[in-house]
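Any read-out appearing in this document is the output of simple, stated calculations on the displayed coordinates, not a laboratory observation. This one's a predicted model, so the numbers in the text were calculated from it and none came from an experiment. Positions of Cβ are backbone-derived with ideal geometry, glycine not excepted, and every protein chain shown enters the neighbour counts.
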Amino acid sequence: MALCDSPNVAVLKPGDTAAAIQQANAAAGQPAISWPELKPLNDNLLPVKPITPDMLPDELADWLVDIVERMDNAPYEYAAVSVVSALGSLIGRKVSVRPKQFDDWTVIPNLWGCCVGRPSQKKSPVIKAATKPLTRLEAAAREQQKEDLKRYQAQEKINNMTTKEAEKEAAKLVKNKKFVEAEALLMDDSSDPEKPISRRYIVNDATVEKLGILLSENPWGLLMFRDELYGWIAGLNRDDRQQDRAFWLEAFNGDGTFSYDRVTREDVYIPSNTVSLLGGIQPGRLLPLLMSQREGSGDDGLVERFQLLVYPDGGEFRHTDRQPNKALQEKAYQVFRRLDEIEYNPEEENRLSLQFDEQGQAVFNRWYCDLMTRVSGKDISLHMESHLGKYPSLMPALALIFHVIKHGDTGSISKQSAEMAIHWCEVLETHANRVYSLADDPLAGARILKDRLKKLPASFKTKDLSDKGWTGLTEPADRDKALNWLELHGYLYREEVKKGQGRPVVTYHINPACISDEEE
């Protein structure tokens with residue numbers, strides 16, 4: 001406990017509580033600050049359209065309804081985005097789509113999904129439930145690999161025995177000066193067993209080098225699931241992680257390779273850079289990432305690559321306690337299995353690439369021309385221009401996924417699948433508008449500061465705040481605006497103490513209610 005410059009105010013240290021400051025003031029015979037009631041910073045969110053069950057094929061729609069209902073009415077959007085991201089990762093490079101009728105522009109259904117919401121909205125449980133078929137496939141693959149590995153080890157022992165016999169035979173041939181025959185015998189590798197690959201579907205945390213190894217064994221693609229995306233994105237903002245960031249920017253396209261050059265280690269070459277991405281983030285964590293783009297860092301379009309970006313309204317809590325619907329689970333799992341069983345052709349020129357049928361092509365052409373006209377217009381924000389600039393690949397990727405779910409990897413993509421994909425794009429645009437509007441909110445800086453008050457001394461000066469270098473608060477004007485808003489809303493008490501003829505010293509005291517036991 002310490003005293004500030006004013007003789008009548010006891011100041012909290014980090015970790016002290018509201019009760020502690022009141023007791024200290026009373027013991028010192030000092031009057032406490034008369035704190036006003038905290039006024040919440042209103043969340044004036046833009047309206048969004050919901051993702052509804054009719055926007056998904058029947059094989060999945062009711063299963064996802066069962067999931068979110070058992071999660072006490074969690075947002076359906078989280079389940080929908082998760083399953084579409086997962087299915088896109090299963091298709092990966094196996095099947096692509098050529099959106100234009102004659103051009104060779106090719107899209108891989110490699111999608112990035114981001115679920116925005118508070119912890120109470122059960123993002124993580126819903127995501128895990130909707131991707132459970134992937135974990136089931138991976139568990140089965142691990143069991144199969146164990147059996148394959150046993151067989152491989154047995155074959156390797158046999159091969160070693162065969163090699164020893166071949167060496168004896170070669171030695172005889174050399175004695176008889178039959179060098180060509182000896183060489184051919186020793187070079188014969190037809191009996192060498194092939195080591196079983198590590199079939200993977202989901203990775204949670206891996207270095208680029210490790211991903212390179214996994215992608216070499218699973219070249220059609222993988223799904224990276226991050227329970228909390230903030231730490232992952234913030235890590236890529238570090239100066240020493242810029243090559244990792246470049247890897248992920250390329251991985252979004254799903255159709256390229258990547259070379260990772262190091263000074264002190266061996267270079268890494270990844271022949272198939274195809275990684276889907278899925279995770280959740282809290283609104284308060286997302287805001288600094290958006291603000292960093294406004295300030296000139298992190299403006300390479302990494303955040304905009306989350307095409308499946310949803311920030312839904314929270315549903316009304318409904319307590320539900322029932323068994324999962326096994327029939328619906330199995331029906332959905334069969335969809336995952338069918339997509340998993342699509343064969344991958346390592347020869348790029350011979351891989352499957354579907355197109356729209358005549359009606360579907362007309363639907364795409366109209367939608368595409370309208371989108372590009374809007375994106376090139378003058379009334380669109382820079383955030384939305386960058387985000388919608390990724391939609392020309394999003395729509396055909398979604399249409400391909402919906403087609404493959406219903407019809408497999410054959411035929412042409414129908415008008416119905418194209419229109420379902422367009423419906424998704426229309427809904428997702430409203431969610432993107434909601435998200436990017438956060439950065440344009442006059443209270444954006446105040447929201448960032450409010451969420452980080454516990455990282456400041458309970459009494460601090462503006463220099464303490466500027467030294468933090470927090471995104472959104474790096475400019476003096478932004479700091480002053482944030483401090484003023486929090487003072488008006490009762491989070492801070494501004495105290496001026498004039499010493500001599502100089503300028504008054506300003507100290508901000510944090511309302512103890514912000515760091516009380518209840519808030520903790």
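With a Cα cut-off of under 26 Å and a minimum spacing of 8 residues unless on different chains, the lysine pairs in the stretch 142-187 number 10.
List the pairs from K132/K331; K100/K390; K122/K454; K100/K415; K39/K454 whose alpha-carbon separation is above 20 Å, in the order I gave them. Listed pairs above 20 Å: K122/K454.
The simple spin-label model puts a point 7 Å past each Cα toward its Cβ; for N44 and R241 those points are separated by 3.4 nm. Counted residue by residue at 0.36 nm each, then reduced by the alpha carbon distance between them, the extension gain from Q101 to E167 reaches 17.8 nm.
Modelled spin labels at K468 and N204, positioned 7 Å past Cα toward Cβ, are 3.0 nm from each other.
Dividing the helix sum by the residues of the chain, where each DSSP H run of 4 or more adds -39500 (n - 2.57), gives a mean residue ellipticity at 222 nm of -15500 deg cm²/dmol.
Restriction of the trypsin sites (Lys or Arg not before Pro) in the stretch 433-520 to DSSP coil positions whose beta-carbon has at most 11 other beta-carbons within 10 angstrom yields K498, K499. Note on A477 and R366: their simple-model spin labels are 4.6 nm apart, each label 7 Å out from Cα toward Cβ. Out of these labelled values of semi-axes √(5λ) of the Cα gyration tensor in Å, (i) 53, 31, 23; (ii) 42, 35, 29; (iii) 74, 42, 17, which was calculated from the coordinates shown here? Among (i) 53, 31, 23; (ii) 42, 35, 29; (iii) 74, 42, 17, the one calculated here is (i).
Comparing L328, Y491, S412 along the charge dipole axis of the chain, the residue lying farthest to the positive side is Y491, per the Cβ-charge model. Rounded to the nearest 20 debye, the dipole size of the chain about its Cα centre is 960 debye, using +1 on the Cβ of Lys and Arg and -1 on the Cβ of Asp and Glu. If I fit a long axis through the Cα atoms of helix 76-91 and take the longest principal axis of the Cα atoms of the chain, what angle between them do I get, 0 to 90°, rounded to 10? Orientation of helix 76-91: about 30 degrees from the principal axis. Evaluated over the Cα positions of the stretch 142-187, the convex hull gives a direction-averaged projected area, one quarter of its surface, of 3.3 nm². For the chain, relative contact order (Cα pairs under 8 Å, six or more residues apart, normalised by length) works out to 23 percent.
For the chain, the longest principal axis of the C-alpha atoms and the axis of helix 415-440 are separated by about 30°. Between W112 and L277, Q307, L308, the built amide H atoms are under 5 Å apart, and every one of these is 5 or more places off in sequence or on another chain. Each of M291, M71, M161 has some number of other Cβ atoms within 10 Å of its Cβ, and from fewest to most they run M161, M71, M291. The residues neighbouring I197, those whose beta-carbon lies less than 11 Å from its own, together hold a net charge of 0 under the Lys/Arg +1, Asp/Glu -1 convention. I'd like the orientation of helix 358-375 relative to the chain: the angle between its Cα long axis and the longest Cα principal axis, in ° from 0 to 90, rounded to 10. Orientation of helix 358-375: about 30 degrees from the principal axis. Taking the charge dipole of the chain about its Cα centre, with +1 at Lys and Arg Cβ atoms and -1 at Asp and Glu Cβ atoms, the residue from V427, A444, P57 reaching farthest to the positive side is A444. The D62 and T410 beta-carbon pair, evaluated with R₀ = 25 Å, returns a calculated FRET efficiency of approximately 0.45.
For the stretch 366-520, taking the reciprocal of the average inverse distance between every pair of different Cα atoms yields a Kirkwood hydrodynamic radius of 19.7 Å.
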